[in-house]
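Worksheet: one structure, shown below.
The values are calculated or read from the model by the stated rules, or taken from the named source; none is laboratory data. This is a predicted model, so every value here is computed, not measured. With ideal geometry, Cβ positions are generated from the backbone for all residues, glycine too; neighbour counts draw on all protein chains shown. All accessible areas refer to the heavy atoms of the entire protein, side chains included, with ligands and DNA or RNA removed. Shrake-Rupley method; radii C 1.70, N 1.55, O 1.52, S 1.80 Å.
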Amino acid sequence: MIKTFMLLLAFTVTDPEGFEKDEKVHILSQHFNTEYECKEFVGTWEGLIRSRGLSSAQNMLADGYKISLTHIGCTMAPDLDNK
């Protein structure tokens with residue numbers, strides 16, 4: 001199996017009363033053949049990722065909840081076939 005890397009977006013969620021939830025949301029997106037390619041992508045597109053990624057994730061939440069993007073990075077793709 002060839003190891004691949006994925007773009008990792010990590011978010012925190014704040015409830016309508018203003019309390020940050022304990023749960024964190026991690027979104028894996030876009031595959032890369034090497035960690036270098038992933039990091040280069042992040043370096044080039046971080047501003048757009050922060051704006052569009054944040055708004056896309058915010059649209060997934062119920063009214064009143066707010067999301068904050070806390071991390072953009074790269075991680076190994078999970079092996080979901082062995083689960």
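Kindly provide the helix-only [θ] at 222 nm of the chain, computed as the sum of -39,500 (n - 2.57) over DSSP H runs of four or more divided by all residues, to the nearest 500 deg cm²/dmol? Result for the chain, helices only: -6500 deg cm²/dmol.
Only one of the listed values, (i) 12.9; (ii) 13.9; (iii) 14.9, was derived from the coordinates as Kirkwood radius over Cα pairs in Å; which label is it? After the calculation, the listed value that fits is (ii). Of the residues S56, F11, V25, the one whose Cα sits farthest toward the positive end of the charge dipole of the chain, with +1 on the Cβ of Lys and Arg and -1 on the Cβ of Asp and Glu, is S56. At a probe radius of 1.4 angstrom, the accessible area of the chain per residue rounds to 72 square angstrom. The listed residues C74, C38, once ranked by accessible area (1.4 Å probe) with the largest placed first, stand as C74, C38. Rounded to the nearest 20 debye, the dipole magnitude of the stretch 1-82 is 220 debye, with +1 charges on Lys and Arg beta carbons, -1 on Asp and Glu beta carbons, and the Cα centre as origin. Rolling a 1.4 Å probe over the protein heavy atoms of the stretch 22-80, with every protein chain left in place, gives an accessible area that is 52 percent carbon and sulfur. Taking all Cα pairs closer than 8 Å and separated by 6 or more residues, the relative contact order of the stretch 1-56 comes to 35 percent. Taking 7 Å steps out from each Cα toward its Cβ at R50 and A62 produces label points 3.0 nm apart. When you count the other C-beta atoms within 10 angstrom of each residue and take the mean per peptide, 50-63, 3-16 line up highest first as 3-16, 50-63.
Sort the stretch 1-48 into rounded, prolate or oblate with this rule: let a ≥ b ≥ c be the square roots of the eigenvalues of the Cα gyration tensor; rounded if a/c is under 1.5, and if a/c is not under 1.5, prolate when a/b is larger than b/c, oblate otherwise.
oblate
Is any residue of the stretch 34-67 close enough, with backbone N under 12 Å, to a label point placed 7 angstrom from the Cα of D15 along the Cα-Cβ axis, and if so, which? Only 65 fall inside the zone, counting backbone N under 12 Å.
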